[in-house]
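The values are calculated or read from the model by the stated rules, or taken from the named source; none is laboratory data. These figures come from a predicted structure and were not determined experimentally. Methodologically, a virtual Cβ is constructed for each residue, glycine included, from the backbone with ideal geometry; neighbour enumeration extends over all protein chains shown. Please note that ligands, DNA and RNA were not included when accessible areas were found on the heavy atoms of the full protein model with its side chains. Shrake-Rupley method; radii C 1.70, N 1.55, O 1.52, S 1.80 Å.
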Amino acid sequence: MKTNKILNISNDLRWQIGEGFHDKLTEGIYSDAATISQNSVRKKGGKKRFRFDRALDKIVTSKTWGFPIMIFILSVVLWLTIIGANYPSGLLADLLIGQIYPWLKGIGESLGFTWWLSGFLFDGVYLALAWVIAVMLPPMAIFFPLFTLLEDFGYLPRVAFNLDNLLKKSGAHGKQALTMSMGFGCNAAGVIATRIIDSPRERLIAIITNNFSLCNGRWPTQILIASIFIGVLVPENFAGAISTLAVISIALLGVFFTFMVSLFLSKTMLKGEVSSFTLELPPYRPPHFWKTIYTSLIDRTLIVLWRACVFAAPAGAVIWLISNVAIGDSNIANWLILHLDGFGLLLGLNGVILLAYIVAIPANEIVIPTILMLTVMAASITGVGSGNGVMFELESVSATGDILKAGGWTLLTAINLMLFSLLHNPCSTTIYTIYKETKSVKWTVVASILPVILGFTVCFIVAQVWRIFM
């Protein structure tokens, strides 16, 4: 029955397309072949035909302009992400923290919650979730679509072409350029993107080194600290430019460490030959705007955000508990800060920073609110914040600077924090993603510990050199 139906439809269509269909099909094939031939074959003495894609390729993949253009486009994407995220982040913070948070506290009071239950649920768990959503969602919703639009346009394969030689020299795969770029938005997404690399050895190198790409959770920290401590070193007119230059320098330092660590891994734990890399540069084409927006939001932004929220909730609970559960005359947080302070000062940091990075491992977005809360608590600063374990941020950069300076911060502390923000363990979302992708506890541990060792070493060297010469 089905066969007869198909044959009937086929017979109907045959009459509809007309008798000249075969001739038209053949004519179309020959016409396309003639167009391809005209564009590709150059006859001796013939006039050179201008092709836009070849002219553009000569510029974006040239040895002179290729790298400056890459840095410029990356800077524009990051600038759009950072500037564009400010407004929606502010709206989300106002909604989640300014309105819903007091409303939840009021519900807790009306239901007769004890102070510790209200604090644990709303000051700890809820505030951590609210900070992660408010700070993490807008940058991701901007960065990922921009990144995918560049991919659709055909520029990202040109980036891989430009970086292929350097990556090959460091024992890595040319496609790592793409996963490294993706890491600037989110390291977890960058780790997932390494699936495009076929070689298991080179894929592991790409996974382990992806943490050296500054993710969107670390950009706000870099910008804030650079604005407070580095921008003020020059006249006000140049403060913004110098702060931006400092942040871009940290990002480029991350690229340098990506090459160096890739080289180290390819010579030690992951020895092997670099696999061949045949890259066919696709034609430039108009991006599919709305399709890109949709797939970026569903496939990348929301999945990564959900994972971050899953890990942020227990972290908020831990931050509240260590700030409110006492050991003797002091709470656990103060006790830990006291014991970490010596090691922290040796690294040019302090106990507050080290504790913040330990408890804020689920998401880099909550590092600054945690540092401010711990600094106010440890330095016994009054009139700021809403109590122990309650994370907060200040609207004014100068007010934030006053709190940090009151906590004993110096220029060395700021510089080393920027370095440690680049060179520390991945967030728990990325660590979980690394395990899911590698199915190996060993490589997950290596990817988590290696950046910390590097961060401690770099900070220690900078601190000692600073104290000798400054």
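If contacts are Cα pairs under 8 angstrom and at least 6 residues apart, what is the relative contact order of segment 173-323 in percent?
With pairs under 8 Å counted, the relative contact order is 21 percent.
For the charge dipole of segment 1-136, defined by +1 on Lys and Arg C-beta atoms and -1 on Asp and Glu C-beta atoms about the Cα centroid, which residue among G20, I6, L117 has the Cα displaced farthest towards the positive pole?
Selected residue: G20.
Put +1 on the Cβ of every Lys and Arg and -1 on every Asp and Glu Cβ in the chain; which of I197, M418, W320 then has its Cα farthest towards the positive end of the dipole?
I197
Restricting to DSSP H runs of at least four residues, report the calculated mean residue ellipticity at 222 nm for the chain, -39500 (n - 2.57) per run over all residues, nearest 500 deg cm²/dmol.
-22000 deg cm²/dmol
Suppose R0 equals 41 Å. What FRET efficiency, 1/(1 + (r/R0)^6) with r the Cβ-Cβ distance, do W335 and E236 give to the nearest 0.05?
0.45
For the pair K63/L411, report the inter-label distance in nm, with labels modelled 7 Å from Cα in the Cβ direction.
The two pseudo-label positions are separated by 3.9 nm.
Using just the Cα positions, wrap segment 208-359 in a convex hull and report its mean projected area in square nanometres, one decimal place. Mind dumping the intermediate values first?
Values: hull surface 63.7 nm².
Dividing the Cα hull surface by four gives the mean projection, 15.9 nm².
Percent of Cα-Cα pairs more than 42 Å apart in the chain, please.
28
Using r as the Cβ-Cβ distance of W115 and F289, and R0 as 41 Å, what FRET efficiency do you calculate, to the nearest 0.05?
Efficiency, from the Cβ-Cβ distance: 0.20.
For a quick protection proxy, order the peptides 372-385, 348-361, 208-221 by their average other-Cβ count within 10 Å, most packed first.
Working: 372-385: 17.9, 348-361: 23.8, 208-221: 25.4.
My ranking of the peptides, most packed first, is 208-221, 348-361, 372-385.
How high is the relative contact order of segment 112-238, in percent, counting Cα pairs under 8 Å that sit 6 or more residues apart?
This gives 19 percent for segment 112-238.
Using alpha carbon centroids, what distance separates segment 115-135 and segment 369-428, in Å?
18
Per 0.36 nm of contour for each residue apart, how much would the distance between I29 and W466 grow if the chain were fully extended, relative to their Cα-Cα spacing? Walk me through the numbers on the way to the answer.
Details: separation 437, 0.36 × 437 = 157.32 nm, distance 7.05 nm.
The span from I29 to W466 would gain 150.3 nm if fully extended.
Could you order M418, M470 by accessible surface area, starting with the largest, using a probe radius of 1.4 Å? Could the numbers behind the result be given before it?
Numbers: M418 10, M470 150 Å².
Heavy-atom accessible area, descending, gives M470, M418.
The chain: longest stretch without exposed GluC sites (Glu not before Pro) (DSSP loop, at most 10 other Cβ within 10 Å), sites themselves excluded?
Within the chain, the longest run free of exposed GluC sites (Glu not before Pro) spans 20-272.
What are the DSSP H helices in the chain that stretch 18 Å or more along their long axis, judged by alpha-carbon atoms, and whose average Kyte-Doolittle hydropathy comes to at least -0.5? Show your work: numbers first, answer last.
Working: long enough: 2-17 (23 Å, -0.69); 21-40 (28 Å, -0.55); 66-93 (39 Å, 1.74); 127-153 (39 Å, 1.81); 156-169 (20 Å, -0.03); 236-267 (47 Å, 1.62); 303-324 (33 Å, 1.61); 332-346 (22 Å, 1.38); 441-469 (42 Å, 1.78).
Qualifying helices: 66-93, 127-153, 156-169, 236-267, 303-324, 332-346, 441-469.
Once the Cβ-Cβ distance between F343 and M260 is put in as r, and R0 is 25 Å, what FRET efficiency do you end up with, to the nearest 0.05? Write down the numbers at each step before the final one.
Working: r = 25 Å, r/R0 = 1.01.
Once the sixth-power term is evaluated, E becomes 0.50.
Give the residue list of chymotrypsin sites (Phe, Trp or Tyr not before Pro) in segment 1-84 that are DSSP loop and have at most 15 other beta-carbon atoms within 10 angstrom.
F50, W65
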